[in-house]
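Okay, structure first, notes after.
The values are calculated or read from the model by the stated rules, or taken from the named source; none is laboratory data. Just so it is clear, the structure is predicted and the values come from calculations on it, not from any experiment. Cβ placement follows ideal geometry from the backbone for every residue including glycine, while neighbour counts extend to all protein chains displayed. Calculation scope for accessible area: heavy atoms of the full protein, side chains included, ligands and nucleic acids excluded. Shrake-Rupley method; radii C 1.70, N 1.55, O 1.52, S 1.80 Å.
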Amino acid sequence: IELRSVSPAGSTHVLDINGLKDQSIKFWSLWEDNKLIGCGALKFLEKKHGAFKSIRVVDEFRKKGIGESIINHLIGEAKKIKISKLSIKTG
């Protein structure tokens, strides 16, 4: 599913590949063998302020705690780089 197609008009905050390559973004992906399971990113807004971005879990891997693991990983990475405030846009 193209995420823009299922987001309310004016509330689309999806990053495309070029958006994910921006220097203000750190991106991680989770794989099992050669199969993508999920992904997540952090966007740097200010020196100690970041935002969750592009958190996704492939449908067949949902309801297994993977989304929570991705969020916990992002929080851990944010702490390592001294981000003390994390925001999320829910659209």
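With the requirement that a residue be open to solvent by 60 Å² or more (accessible area, probe 1.4 Å) and in a strand (DSSP E or B), what does the range 45-75 give you?
Within the range 45-75, Leu45, Glu46, Arg56 meet the criteria.
Of all residues in the range 1-37, count the ones that are outside any loop (DSSP other than H, G, I, E, B), at pLDDT 90 or above and over 21 Å from Ile81 (Cα atoms).
Total meeting the criteria: 5.
Mind listing whichever residues of the range 62-84 are free of Cβ contacts under 8 Å to residues at least 40 places away in the same chain and either of a type in the set (Gly, Ala, Ser) or touching a helix residue (DSSP H, G or I) at 6+ places or on another chain (Cβ under 9 Å) (or both)?
Matches in the range 62-84: Gly65, Gly67, Ser69, Gly76, Ala78, Ser84.
Is it true that Leu42 is within 19 Å of Ile75 (Cα to Cα), modelled with pLDDT of 75 or more and outside any loop (DSSP other than H, G, I, E, B)?
Criteria met by Leu42.
State which residue is surrounded by the fewest Cβ atoms within 10 Å (Cβ to Cβ) when the search covers only the range 76-91 and only residues that are part of a strand (DSSP E or B) and not polar (S, T, N, Q).
Only one residue fits best here, namely Lys85.
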